[in-house]
1. May I ask you to list the residues in segment 239-258 that are farther than 27 Å from Val118 by Cα and either in a helix (DSSP H, G or I) or under 16 Å from the mean Cα position of the chain (by Cα) (or both)?
2. Condition (residue is more than 27 Å from Val246 (Cα to Cα), within 17 Å of the chain's Cα centre (by Cα) and open to solvent by 50 Å² or more (accessible area, probe 1.4 Å)) applied to segment 139-151: is it met by at least one residue?
3. For Thr4, are the conditions met, namely being β-branched (Val, Ile, Thr), part of a helix (DSSP H, G or I) and out of contact with any Ser or Thr (no Cβ under 7 Å at 6 or more places or on another chain)?
4. Restricting segment 187-238 to residues that are part of a loop (DSSP other than H, G, I, E, B) and in contact with a strand residue (DSSP E or B) (Cβ under 7 Å, 6 or more places away or on another chain), which is least open to solvent (accessible area, probe 1.4 Å)?
5. Anything in segment 7-44 that is within 25 Å of Gly211 (Cβ to Cβ) and open to solvent by 50 Å² or more (accessible area, probe 1.4 Å)? List them, or say none.
6. Might you let me know whether segment 216-235 holds any residue that is within 30 Å of Lys138 (Cβ to Cβ) and either within 12 Å of the chain's Cα centre (by Cα) or free of Cβ contacts under 8 Å to residues at least 12 places away in the same chain (or both)?
7. Could you go through segment 25-44 and let me know if any residue there is hydroxyl-bearing (Ser, Thr, Tyr), closer than 26 Å to Asn247 by Cα, in a helix (DSSP H, G or I) and at pLDDT 90 or above.
8. What number of residues in segment 71-89 are crowded, with 18+ Cβ neighbours inside 10 Å and over 26 Å from Met266 (Cβ atoms)?
Amino acid sequence: MTPTDPLYFGVLILTGAFAGIISGLLGIGGGFIMSPVQYWLLQETGMDPDLAIRAALGTSLFVILINAIIVTQKYHKNHAVLWKPALIMGISGSIASFAGAAVASYLPASTLSTIFGVVIIIGALKTYTTPAVKKKEKIRTNQVFYIFGGLFIGFFSGLLGIGGGVVGIPVMLIFLHFDMRKAVGTSAAIMLFTSFGGSVGYILNGWGQAGLPPYSLGYINLLNWILLVVPGLLAARTGAEVGHLVNPEYLKHLFVLLMVYVGLEMIGVI
């Protein structure tokens, strides 16, 4: 397979559209969908697995940056973004995301894919056991929790090429006592910062790297980015509108199912 094959184009366009819907619906970047698909496609073109996974992660983060702008606007209009927590976690997260991208540049593909899968499955299990709607617990006010939460979310965002929602939403539900709706909206806002920091990290750490495909900006492949981001932008608006109408408990269950499936796939179980 080559990057000019219709199948290559078609798979990425469909993946971008699906990731956009999920991004808008669940307040996550969709990197846990885009990264595995790109990793597979790039290897099919003959690309070295270690380079392929870094290019997949970096490109996914750059797509997420654009999707996050659209999704955040939608959730902000519906009063579902808590901006003070989002700014604290986003700023600390952007720094940690840059560091995570640097670490990812030195890890082999097998290690990265296994870490990716394990982190996502743990997040899914924790999310499943946490109520989607909080009635009694108040949202934490201690800013230290938000700083450390942002560092944790950001590091895994950069390391794994995800916006941070699959890590951040469990953190907000379990430790910060957000309800599902506020967690989804605030997660989208945090992604603006984490995806930016991580994208810069992947560009700088991949600059001049031999063996990357044409139209690469460091570890970000601009051809893949265009094929993913255009349908993703169109779909993200729809996803955000639907997400505001759907029962939060249903959102949580969909989120968990997707996380478990992709996590098992990246580990190699399925």
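The values are calculated or read from the model by the stated rules, or taken from the named source; none is laboratory data. Just so we're clear, the structure is a prediction, and the values are computed from it rather than from any experiment. Quick reminder, even Gly has a Cβ in these numbers, built from the backbone with ideal geometry, and neighbours come from all protein chains shown. For accessibility, only protein heavy atoms count, side chains too; no ligands or nucleic acids. Shrake-Rupley method; radii C 1.70, N 1.55, O 1.52, S 1.80 Å.
1. Going residue by residue through segment 239-258, those that are farther than 27 Å from Val118 by Cα are 240-242, 244-247.
The answer is Ala240, Glu241, Val242.
2. Yes, the conditions are met somewhere in segment 139-151.
3. On the way: β-branched (Val, Ile, Thr): yes; part of a helix (DSSP H, G or I): no; out of contact with any Ser or Thr (no Cβ under 7 Å at 6 or more places or on another chain): yes.
Criteria not met by Thr4.
4. Step one: filter segment 187-238 for residues part of a loop (DSSP other than H, G, I, E, B), giving 207-215, 218-219.
From what's left, in contact with a strand residue (DSSP E or B) (Cβ under 7 Å, 6 or more places away or on another chain): 213, 215.
Details: Pro213: 29, Tyr215: 162 Å².
Step by step, filter segment 187-238, then rank; the result is Pro213.
5. Leu7, Phe9, Trp40, Gln43, Glu44
6. To start, the set of residues in segment 216-235 that are within 30 Å of Lys138 (Cβ to Cβ) comprises none.
No, segment 216-235 has no match at all.
7. Of segment 25-44, the ones hydroxyl-bearing (Ser, Thr, Tyr) are 35, 39.
Imposing the further condition that a residue be closer than 26 Å to Asn247 by Cα reduces the set to none.
No, there is no match, as no residue in segment 25-44 is hydroxyl-bearing (Ser, Thr, Tyr), closer than 26 Å to Asn247 by Cα, in a helix (DSSP H, G or I) and at pLDDT 90 or above.
8. Of segment 71-89, the ones crowded, with 18+ Cβ neighbours inside 10 Å are 71-72, 74-75, 80-82, 85-86, 88-89.
Cutting the leftovers down to over 26 Å from Met266 (Cβ atoms) gives us 72, 74-75, 80-82, 85-86, 88.
Residues meeting the conditions: 9.
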